[in-house]
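The next block holds one structure in the form of structure tokens; read it before the comments.
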Amino acid sequence: MKRNVIIDASVLAALLNKNDTYHQWAITQLKDIQPPLLTCDAIISEVSFLIGRKQQGINVIFNYLKLGIIELPFCFSSEYAAIEKLMLKYADVPISFADACLIRMSEQYRNSCVFTLDSDFLVYRKNSNEVISLIYPEFK
């Protein structure tokens, strides 16, 4: 059974920046992942901010979308109540809107894992109390 991989902005930024500490780790992990990688609009916005005005990075993201390497199946307008609940629950972490969307996606895709560099995902839980399966560096 194919495992759905939900990708976070931190990993996308590392993939796009050869000088990032986790660039090679992210490349290595990506070799074992079958596309498409799932994410949401909030992550595209976040990674666009993280990479700044580097046109090449923006081009890569849009090419990944055009080629179907990354897909955006999440629809906030039908999930806002669940997102609000997650943001209230984890307000003290604090949680970002993008992270709440990824947690919700992990609930929607039962056989999924979140590909991230964000240690907050070690704290977050899906379906109230279930550990979220992660692709996360052991050495972080």
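At a Förster distance of 22 Å, what's the computed FRET efficiency of Gln34 paired with Val131, Cβ-Cβ distance as r, to 0.05? Computed FRET efficiency for Gln34 and Val131: 0.45. Global size of region 76-140: 11.3, 37 Å for Rg and Dmax (C-alpha atoms, Rg to one decimal, Dmax whole).
If you only keep lysine pairs separated by 8 or more in sequence, or across chains, how many in the chain come under 30 Å at the Cα atoms? So the count works out to 22.
Which entry in (i) 1.36; (ii) 0.94; (iii) 1.04 matches Rg/Rh (Cα atoms, Kirkwood Rh) derived from the coordinates of this structure? Answer by label: (ii). From the residues Leu50, Leu86, Leu67, which one has its Cα farthest along the dipole of the chain in the positive direction, the dipole being from +1 and -1 charges on Cβ of Lys/Arg and Asp/Glu about the Cα centre? Of the listed residues, the answer is Leu67. Put simply, the amide H of Ile69, placed in the peptide plane, has no neighbours under 5 Å, leaving out anything fewer than 5 places away on its chain. Within the chain, no whole DSSP H helix has Cα atoms reaching 20 Å or more along its own axis together with a mean Kyte-Doolittle score of at least 1.0.
Among the trypsin sites (Lys or Arg not before Pro) in region 27-71, those located in a DSSP loop and surrounded by at most 13 other Cβ atoms within 10 Å of their own Cβ are Lys31, Arg53, Lys54.
The numbers here are math on the coordinates, done by the rules we state, and not lab data. From a predicted model like this one, the values you see are computed outputs, not experimental measurements. Please note: Cβ atoms are built from the backbone with ideal geometry, for glycine as well, and neighbour counts cover all protein chains shown.
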